[in-house]
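Colleague: Quick one: the structure is below, questions incoming.
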Amino acid sequence: MNPQLEGIEDIEGTYVFDVRQSVKSLRLNRFFWRHREPEFRALLARDFQAACDELKLSDEERTLVANQDWLGLIKYGVSFFVLEKFARVVKMSNLAVYASMRGETLEAFLKTRRVPESA
């Protein structure tokens, strides 16, 4: 492990995305990166299993995607930048994804934010 990351696992809510994680989750990161392609999105809408087969996703990876397990995907090693593409496809905002990662509804999550009341 990178000596600069020593002890990082002791910081609650911190999930390292490094070369090791990137290599482990390469298929899944590529799967989400492909969401930017209209043809792939059409395949995904038509046949989820075929889209997963095309990227050779494992059963565990397919389950994480099917369940939209946002925190599980991050812990698995998926880059949030490609997860944003998936979130758009399933019509979720980043804030809704963050709320889900915390096990909260969007409304409950927004109450924890310091957002000035709109007039």
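The values are calculated or read from the model by the stated rules, or taken from the named source; none is laboratory data. Worth saying up front: this structure is predicted, and the values here are computed from it rather than measured. Using ideal geometry, Cβ is built from the backbone for each residue, glycine included, and neighbour counts are taken over all protein chains shown.
Colleague: Within the group S100, S79, which residue is of a type in the set (S, T, Y), touching a residue at least 60 places away in the same chain (Cβ under 8 Å) and on the phi < 0 side of the Ramachandran plot?
Modeller: S79
Colleague: Can D53 be described as within 30 Å of E9 (Cβ to Cβ) and at pLDDT 95 or above?
Modeller: No; evaluated as a whole, the condition is false for this residue.
Colleague: Same structure, new question: In segment 38-90, what residues are surrounded by fewer than 17 Cβ atoms within 10 Å (Cβ to Cβ) and not in a helix (DSSP H, G or I)?
Modeller: Once the filter is applied, which keeps residues that are surrounded by fewer than 17 Cβ atoms within 10 Å (Cβ to Cβ) and not in a helix (DSSP H, G or I), segment 38-90 yields D47, K56, S58, N67, Q68, D69, V90.
Colleague: Test V23 against the stated conditions and say whether it is part of a helix (DSSP H, G or I), touching an Asp or Glu at 6+ places or on another chain (Cβ under 9 Å) and within 27 Å of E12 (Cβ to Cβ).
Modeller: no
Colleague: Keeping to segment 1-36, report how many residues are surrounded by 12 or more Cβ atoms within 10 Å (Cβ to Cβ) and within 24 Å of D59 (Cβ to Cβ).
Modeller: 17
Colleague: As an exercise: evaluate G13 against (1) closer than 15 Å to S79 by Cβ; (2) part of a loop (DSSP other than H, G, I, E, B) and give the number of the one condition it does not meet.
Modeller: Looking at each condition in turn, G13 falls short on (1).
Colleague: Can you tell me which residue within segment 91-119, out of those that are within 13 Å of Q68 (Cβ to Cβ) and assigned to a loop (DSSP other than H, G, I, E, B), is nearest to the chain's Cα centre (by Cα)?
Modeller: M92
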